[in-house]
Structures are given as C-alpha cells and as structure tokens.
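Only one structure is covered here, and it is reproduced in the block below.
The values are calculated or read from the model by the stated rules, or taken from the named source; none is laboratory data. Keep in mind the model is a prediction, meaning the values are calculated, not measured. Neighbour counts are summed over all protein chains in view; Cβ atoms, including those assigned to glycine, are modelled from backbone coordinates with ideal geometry.
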C-alpha cells in the first residue's frame, strides 16, 4: 500500500534537483525518505502503545484473562489469510480489507495530504504521520501482536520493529523506480507467501505457549 506513495515522493524530490547536481548520492538521498519513515514509525509506535494499553485493560477483566493468546492467534490467522490471498486470491475477494484501506478512509487521508508542503523535510514528516494511519491487514496483525504484549513500552517497540521491517523494501522501490519496482514486486509476490506462513506459524506457536501456561 505504501509503494505508490514512496514512488511519488521520490519522483517529486528528484524532479526538484537541478540536473547539474543530479548524481547517485542524490538519488539515494531522495529514495531514503527519512522524514517520511520517521513519521510512520512515530505513528506505529503510538498505535502499538495504545493497543497494548487496550489489551492490558481488557486483560484485567475476568473474561479476558486469555486475551493475549487470542490476539496472537488472530495475528497468525491474518498472516495466514494474507498468504492464502497471495497464493489464490481467495482472501482478497472474501476479505478485501486485508489488501486495501476502506475507500472513505483513503479519500480522507488523500484530502489531508494534498495540503502538505512536500518541499521541506517537515512535509515529509507530516506525510508519514498522516499515511501511518492507513489501515491494512499487515497493520491489523502487527497491532494484535502489540496488544498481546500487555505493556505500552512493549507494544510501542513491537510496532517500531514492524515499521523498521517495512523500510528496506520501500527504499528499494524508491531506488529502483517504476520498471525495476515491478520486477521487485514479482520477486516479493513469489517470496511473500512463504514469509507470511512462517510468521503465522511462529505466532500460532506463541499463542499455544500462552495457552499452555493457563493449565
């Protein structure tokens, strides 16, 4: 979901660089988009802390003492749904919210970001803050894991790690551009289901360990 936003920003930044100053270093600097990613990481960390607080609040109730294992299992199922969708497309048809944001939410964020001045680093930061709220299945799964920590610091750290994990592929997309970006996308299309299945298995194992601790 973030790929088109990254490509748009990189293209815009490169277009403003004079031809005489255009070099490999300027391309790398444009593709890094550090203010944008800092904004995303701030939002993800805040969402993770909030999800952990919510999980802690419910976890203290009698009927929600097993919430952490349930959340980990939910995250595992979301990753499994993503993997199935990449392999067959079935989950994308049944659960379209796994792959894209709700239209109304997307339009609201687009209207907000159009007013941002992207010629300054603060504009990139604001853009990251705004786009960090775009929901997707990966974000839901990561928030479920953050909520399962039951600690605001743990939830923030989990989501910070999630944000860091998305950065390398986005930087590659920014560096590669449209044509190479499509080739990178084909590689990701092949590898992603396996990675998602591994994540689903690990999260399910963590849920099992939590569940075993009740007995």
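How many residues, within the range 62-84, are surrounded by fewer than 17 Cβ atoms within 10 Å (Cβ to Cβ) and either modelled with pLDDT under 75 or not in a helix (DSSP H, G or I) (or both)? Number satisfying all stated conditions: 5. Considering (1) touching a residue at least 12 places away in the same chain (Cβ under 8 Å); (2) closer than 25 Å to residue 66 by Cβ, the lone condition that residue 161 does not fulfil carries the number (1). A single member of 114, 118 is more than 17 Å from the chain's Cα centre (by Cα) and free of Cβ contacts under 8 Å to residues at least 60 places away in the same chain, and it is 114. With respect to the stated conditions, residue 110 is part of a helix (DSSP H, G or I) and either farther than 18 Å from residue 44 by Cα or modelled with pLDDT under 80 (or both). The residues of the range 124-154 that are closer than 21 Å to residue 57 by Cβ and assigned to a loop (DSSP other than H, G, I, E, B), listed by number, are 150, 151.
In the range 194-215, what residues are modelled with pLDDT of 75 or more and in contact with a helix residue (DSSP H, G or I) (Cβ under 6 Å, 6 or more places away or on another chain)? Within the range 194-215, 196, 197, 199, 200, 203, 204, 206, 207 qualify.
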